[in-house]
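Report on one structure; see the data block that follows.
The values are calculated or read from the model by the stated rules, or taken from the named source; none is laboratory data. Owing to the predicted nature of the structure, the values given are computational and were not obtained by experimental measurement. What goes into the accessible areas is simple: the full protein's heavy atoms, side chains included, and nothing from ligands, DNA or RNA. Shrake-Rupley method; radii C 1.70, N 1.55, O 1.52, S 1.80 Å.
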Amino acid sequence: MSGPLRALLWWPGVAFVLVLVDPDNIAWSIATAGAVLVALGFLVPIALRKLRPVAVVVATRINQEAPTMEIDMPTMEIPPVEKAA
């Protein structure tokens, strides 16, 4: 599903909240909300594609500098149950 269509899935909920907040400007606020959601649906995936390589570089730097530690856990034995309810 494309980004604008996914963004429009939020439109009924946003429209409901806008009607509750400002019932006098229903038509303009709902139409504007739809246009804003479609615009966000176009722009957010583009912005994420631009920012993703930067996030990968930062994550690899963090992972390279992170210390590691090994912990030996003791073995636990659970006794068998003779009679169950």
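Some points to look at:
- If you sort Val14, Val21, Val36 by accessible surface, 1.4 Å probe, largest first, the order is Val21, Val36, Val14.
- Ellipsoid fit via the Cα gyration tensor, segment 1-45: semi-axes of 21, 9, 6 Å, each the root of five times an eigenvalue, largest first.
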